[in-house]
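Written out below as structure tokens is the structure these notes cover.
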């Protein structure tokens, strides 16, 4: 199954889909598939984004070596919204939770009214190098939808991980 097909399956959620690669400190956008109905909302195209304030970033960062996590924290945890995690201990706690549950949540941390559910993508050796997410306005990505979106995103991330070289 090609990544384009997987992205289309996530678009059935009615939200935007982002596929990003971790460059060692930030997330780089590879593909974005937006729903036509989202054209008027506040979602912005991020060519590059921090890994501590986005769903895709935290999904990738959680599975990196301690030296990489420390480097990100030492570079500074600048707030983008009042919900941005700027405390190193809290970020480490959130990363541990992500490792346990295998998905990440951006709860209005990078953009004020946007939530995101993301899951890590692994290469053939099992190393997390990318992440995929579903993002949308917080009013639509409410707590009631998070569990089903998390399952959908994790399933699609596993499908991509099973096909090395397709990103």
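A short reminder: the numbers here are calculations on the coordinates, not readings from a lab. Here the structure is a predicted model, which means the values were calculated and not measured. Cβ: placed from backbone, ideal geometry, glycine included. Neighbour counts: every protein chain shown.
Observations on the structure shown:
- Relative to the current alpha-carbon distance between residue 125 and residue 73, full extension at 0.36 nm per residue lengthens the span by 16.1 nm.
- The calculated FRET efficiency for residue 21 paired with residue 89, based on their beta-carbon distance and R0 = 22 Å, is about 0.20.
- Which of 77, 149 has the fewest Cβ neighbours within 10 Å, and the rest in rising order: 77, 149
- Gain in span if fully extended, residue 138 to residue 97, counting 0.36 nm per residue against the direct Cα distance: 12.6 nm
- Rounded if a/c under 1.5, otherwise prolate or oblate - region 57-167, Cα gyration tensor axes: oblate
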